[in-house]
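Read-outs: derived from the displayed coordinates by stated rules, not from any lab. Here the structure is a predicted model, which means the values were calculated and not measured. Every residue, glycine among them, receives a Cβ derived from its backbone with ideal geometry; neighbour counts consider all protein chains shown.
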């Protein structure tokens, strides 16, 4: 069955609109600093459920979060049109606003190992001092070394403009992750957090 020319024009227009909408979505990692020892995974999960309900009103898709209960840190990964949409969604969902918001690019996601501890490490390189290509190269070196230390690197997120890199990994302890980075390329994280993951 042949399509009419108007059907073809309509489909092309719709596909173009969808592509434009998808391209307008950007990824963000926001960081909430709560009082150390005063935040629980369950409380963050409750707030996240509110985010999931409120997010679509502002074009925000809340994806995953990570919590360091001991240090009171929460990392939240989401896609949105702009950073202010993310903070507005948080504000109307539960009122807890992030300390920092980073616009990030991510790598290819590697499989997770069930039951293994999660770690989020933070590298501050400095504004304009790191490129996507350089981080991808360092990540490949990490992957070539990680098994030696029992580490499973899952993903990383880069804010090229602010010079910030987040790495998500699984390991027996933070020392194993640091040893992996040290042997692979020598770029050590500014901080490593023991986190629980939710979505």
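Put the Cα centre of the stretch 24-59 next to the Cα centre of the stretch 154-168 and the gap is 19 Å. Report, in degrees rounded to the nearest 10, the 0 to 90 angle that the Cα long axis of helix 41-54 makes with the longest principal axis of the chain. Tilt of helix 41-54: around 10 degrees. Note that the stretch 107-199 shows a convex hull volume over its alpha carbon atoms of 93 Å³ per residue.
Using a simple spin-label model with pseudo-atoms 7 Å out from Cα toward Cβ, residue 25 and residue 183 lie 3.8 nm apart.
Placing a label point 7 Å from the Cα of residue 175 along the Cα-to-Cβ line, the residues of the stretch 141-168 whose backbone N sits under 14 Å from it are 149-150.
Estimated purely from DSSP H runs of n ≥ 4, each contributing -39500 (n - 2.57), the mean residue ellipticity at 222 nm for the chain is -11500 deg cm²/dmol once divided by its residues. The angle between the Cα long axis of helix 5-24 and the main principal axis of the chain comes to about 30°, on a 0 to 90 degree scale. Between residue 197 and residue 133, the C-beta separation translates, for a Förster distance of 25 Å, into a calculated FRET efficiency of about 0.35. What angle, in degrees between 0 and 90 and rounded to the nearest 10, separates the Cα long axis of helix 83-93 from the longest principal axis of the Cα atoms of the chain? Between the helix axis and the principal axis of the chain, the angle is about 80 degrees.
Before anything else, pin down the relative contact order of the stretch 25-104: Cα pairs under 8 Å, at least 6 apart, normalised by residue count, whole percent.
47 percent
Fully extending the segment from residue 45 to residue 100 would add 17.8 nm, taking 0.36 nm per residue of separation and subtracting the current Cα-Cα distance. Taking 0.36 nm per residue of separation and subtracting the current Cα-Cα distance, fully stretching the chain between residue 190 and residue 33 would add 54.9 nm. Pairs of Cα atoms nearer than 8 Å and 6+ residues apart set the relative contact order; for the chain it is 23 percent. Length gained on full extension, residue 82 to residue 113, computed as 0.36 nm times the residue gap minus the Cα-Cα distance: 7.9 nm.
PRE reach from residue 122 (point 7 Å along Cα→Cβ): which of the stretch 174-190 fall under 12 Å by backbone N? Counting backbone N atoms under 12 Å from the label point, the list is 190.
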